[in-house]
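Please read the structure below before turning to the comments.
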Amino acid sequence: MEALRIYTEKPYCLQGEVTISGAKNAVLPAIAACLLTEDRVELTNVPLVKDVQTMLTLVGELGASYSLDENQKTLSLEVKRIKSTQAPYKLVRAMRASILVLGPLLARSGQATVALPGGCAIGTRPVDLHISGLQKLGANLKIEHGYIIAEAKRLKGTEIEFEKKTVTGTENLVMAACLAKGETILKNCALEPEVVNLCELLVRMGAKIDGIGEETLRITGTRELSGAEHRIIPDRIEAGTFLVASALTRGDLILKEVEPKQVEAVIDKLVMAGSQVELPGRNIVRIKGGEDLKPLDITTAPYPGFPTDMQAQFMVLMTQANGRSIITETIFDRRFAHANELLRLGAWIEIEGDKAIIRGKTPLSGAEVMATDLRASACLVLAGLIATGQTTINEIEHLDRGYEKIEEKLRHLGVRIERFTNNNNNNNKKAEVKS
Ligand code: EPZ
C-alpha cells in the first residue's frame, strides 16, 4: 500500500505560495454532462486526481472518447453514440459520484443500469432522492440485485421539491431535466459552487436554466444539447485545506486561484480562531496564522454554511487551540473516523453522537496512522506537519482521489515528505527522501 511519510523535527511554519487546482466535485458532474450531447466538450483547469481517471474509465465504457492533456490540464470528450448504459459495481464502488451518469444516461438513451453506490467510510449515503426525482420525471426505476434499473421513453418536466439538500441529487436531476419534455421546476436545490459551475456548463451546451445559484431552478427541456468549452472552478476544499495548514503552522501562505466567496465560511472561522486574512488581488487569499489559536464551535451545513468536507481539517486545527471546541457534523452520520487516528498522535477528542469535543492545546507526536477517506487523509497530512518526529500515513489512495500532487505542493513549501510503498513488515525502512 502506498504511504506518505512526513519528517517533522519541529512543527513546520509554512510560508510561500501555492496554486489551487480545479475542483474534483465540479469536474466529475461536468464529465457526466458530456453524455448529454454527441458533440465535443472541452474542459479546462481539470484537476489531475484519481477520481477523474475513474470517471473517464466509466464514461469510456458508456461510449465516450476522450483525451486528457496533463500538461495543459485540459480534457476533450465526445460521446457520439451511447455504447453501453451499464455503470458496473466495480466502478461505482470505487467512486460514489459514478451515480452522476444515471440522469444523463436516462435523458440521452432512455435507459440506465447503475450499481447502487452503497455506504462508505463517512456514512450510509442513500440515493433515494435521486431515484424519487427521476421517477417524478416519468422514469420507471427498480432496484434489482444491487442495481438501479431505469428506463424512460422521454422524461417529462414536472415540479420536484428535494426533501433535503443533495449536491449530486440536484446535479443528476438538472442534467436529466435538460432533455426532458417541457419545464421542470426543482425546489430546495443545493447551492454549492460546483452545482452552479455545472449549470453554467449546461447553459453553454444550449440548456435553458433559470435561477442558477438559487434554491429554485427552472429548466426548459430541449431535444438536444451541443458541445461547449468550459473552465472548471478552483477546488474550494483544497483551498480550505491549505488555509488551515497556514493557521495550524502559524504560517504565512499566499493561495492563488481561489474564489474568496466560495471559502467565506472557512475564512470566517479561521479569523475567529486568530488568523489574519487578506485579499491582495483577484482570486488570491493571503493567510497568516496567529500565535495562539482560539477554540471554536463549528456546525457543518449545506453551502453557504460551513462545509462538511472541511470538518476533519478543522478537527486537527482545534487540537492546537487553547480550550474546548465542539464540532457538530450534521450532514453525514459517520464522519469522525479521523478522530481515532488523531488520538494516536496525542490529541484529546471525545465523540458524543454527532458531536466531537476537542480539548487543546495538546502537543502531537508522530506515529503510523491510517487514512480512511479523502478528507480524513488530508487531516492526517495536516497533523503530520505539527506532530514531532515521523508521521506515516497509510492507504493514501484515499488522498490521491481528490488532491492533485499534494506532496509536491507541500515540498515546495519546505516540508520533508515522501511517498513510498509500505508493506508493513519494514516500517522502519528508511524511505529515501526525494530532494
Ligand atoms: C457531495 O456528495 C460531495 N461529493 C461530497 O464530497 C460532499 O461531502 C457532499 O456533497 C456534501 O457537501 C461530490 O460532489 C462528488 P449529498 P453527495 O447528496 O452529493 C443525504 C468529498 O470529500 N442524502 O449532498 O453524495 C446524504 O446522506 C465528498 O469531496 C439522502 O438522504 O452528498 C447526506 O446526509 C465527500 N438521499 C445529505 O443528504 C439522497 O438521495 C447530503 O448528501 C442523497 C443524499
> Any idea which of Pro117, Gln311, Thr330 is furthest toward the positive side of the dipole for the chain, if Lys and Arg beta-carbons carry +1 and Asp and Glu beta-carbons -1?
Replying inline: Pro117
> Accessible area, 1.4 Å probe, largest first: how do Asp51, Asp39 sort?
Replying inline: Asp39, Asp51
>> Can you give the local net charge around Val92? Use residues other than it whose beta-carbon is closer than 13 angstrom to its beta-carbon, Lys and Arg +1, Asp and Glu -1.
In response: +2
> When the Kirkwood radius is taken over all Cα pairs of the range 82-164, what Stokes-Einstein diffusion coefficient follows at 20 °C and 1.002 mPa s, in µm²/s?
Replying inline: 164
> Among Lys261/Lys409; Lys208/Lys405; Lys142/Lys269, which pairs are too far apart, with a Cα-Cα distance over 32 Å?
Replying inline: Lys208/Lys405; Lys142/Lys269
>> Give the aspartates and glutamates whose C-alpha is closer than 20 Å to that of Lys164, dropping any in the same chain fewer than 8 places away, or say none.
In response: Asp128, Glu192, Glu194, Glu214, Glu215, Asp309, Glu329, Asp333, Asp354
> So which of Lys256/Lys294; Lys24/Lys288; Lys50/Lys288; Lys288/Lys361; Lys24/Lys73 end up more than 21 Å apart, counting from Cα to Cα?
Replying inline: Lys256/Lys294; Lys24/Lys288; Lys50/Lys288
> Quick one: which of 408-414, 193-199, 128-134, 258-264 comes out on top by average Cβ neighbours within 10 Å, and what's the full order, highest first?
Replying inline: 193-199, 128-134, 258-264, 408-414
> Ordered by packing density, taken as the mean number of other Cβ atoms within 10 Å over each peptide's residues, highest first, how do 324-331, 171-178 rank?
Replying inline: 171-178, 324-331
> For the chain, what mean projected area does the convex hull of the alpha carbons give, in nm²?
Replying inline: 19.6
> Cα centroids of the range 3-54 and the range 262-304: how far apart, whole angstrom?
Replying inline: 22
>> Taking amide H atoms as placed 1.01 Å from N in the peptide plane, list the residues 5 or more away in sequence, or in a different chain, whose amide H sits under 5 Å from that of Ile298.
In response: Ile326, Ile327, Thr328
> Per 5 Å bin, what is the whole-percent P(r) computed from every C-alpha pair distance within the range 136-199?
Replying inline: 4, 17, 24, 23, 19, 10, 2
> the range 1-157: D in µm²/s via Stokes-Einstein (Kirkwood Rh, Cα pairs, 20 °C, 1.002 mPa s)?
Replying inline: 124
> Among Gly389, Gly402, Gly240, which one moves the most in a GNM of the chain with springs linking Cα atoms closer than 10 Å?
Replying inline: Gly389
> Between Gln72 and Arg416, 0.36 nm times their residue separation minus their Cα-Cα distance comes to what?
Replying inline: 121.1 nm
>> Given a 1.4 Å probe and heavy atoms of the protein chains only, how would you sort Tyr7, Tyr147, largest accessible area at the top?
In response: Tyr147, Tyr7
> Relative contact order, percent, of the chain when contacts are C-alpha pairs under 8 Å separated by at least 6 residues?
Replying inline: 20
> the range 98-140 to the range 335-357: how many Å between their Cα centroids?
Replying inline: 33
> In sequence order, what are the phi-derived ³J(HN,Hα) couplings for the range 268-279 according to the Karplus relation 6.51 cos²θ - 1.76 cosθ + 1.60 with θ = phi - 60°, rounded to whole Hz, with x for glycine and proline?
Replying inline: 4, 5, 5, 5, 4, 7, x, 7, 10, 10, 10, 10
> Once the range 255-403 is represented by equal point scatterers at the alpha-carbon sites, with solvent omitted, what log10 I(q)/I(0) does the Debye formula produce at q = 0.11, 0.15, 0.21 Å⁻¹?
Replying inline: -0.41, -0.78, -1.45
> Semi-axes, largest first, in whole Å: what does sqrt of 5 times each Cα gyration tensor eigenvalue give for the range 228-326?
Replying inline: 23, 16, 10
> With the Cα gyration tensor of the range 27-92 giving a ≥ b ≥ c as the square roots of its eigenvalues, does the rule (a/c under 1.5 for rounded; else a/b larger than b/c for prolate; else oblate) give rounded, prolate or oblate?
Replying inline: oblate
>> Expected output is a single nm value to one decimal: the length gained when fully extending between Asn340 and Ile149, i.e. 0.36 nm times separation in residues minus the C-alpha distance. What is it?
In response: 64.9 nm
> Where is the GNM fluctuation largest for the chain (alpha-carbon springs, 10 angstrom cutoff): Lys361, Lys294, Lys90?
Replying inline: Lys90
>> For Tyr303, what accessible surface area do you get with a 1.4 Å probe? Give it in Å², rounded to 10.
In response: 40
>> If each DSSP helix of 4+ residues adds -39,500 (n - 2.57) and the sum is divided by the residues in the chain, what number results at 222 nm, nearest 500 deg cm²/dmol?
In response: -9000 deg cm²/dmol
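The values are calculated or read from the model by the stated rules, or taken from the named source; none is laboratory data. If you're wondering where the values come from, they're calculated on a predicted model, not measured in any experiment. Cβ coordinates were reconstructed from backbone atoms using ideal geometry, including for glycine residues, and neighbour counts include every protein chain displayed. Only protein heavy atoms, including side chains, enter the accessible area calculation; ligands, DNA and RNA are left aside. Shrake-Rupley method; radii C 1.70, N 1.55, O 1.52, S 1.80 Å.
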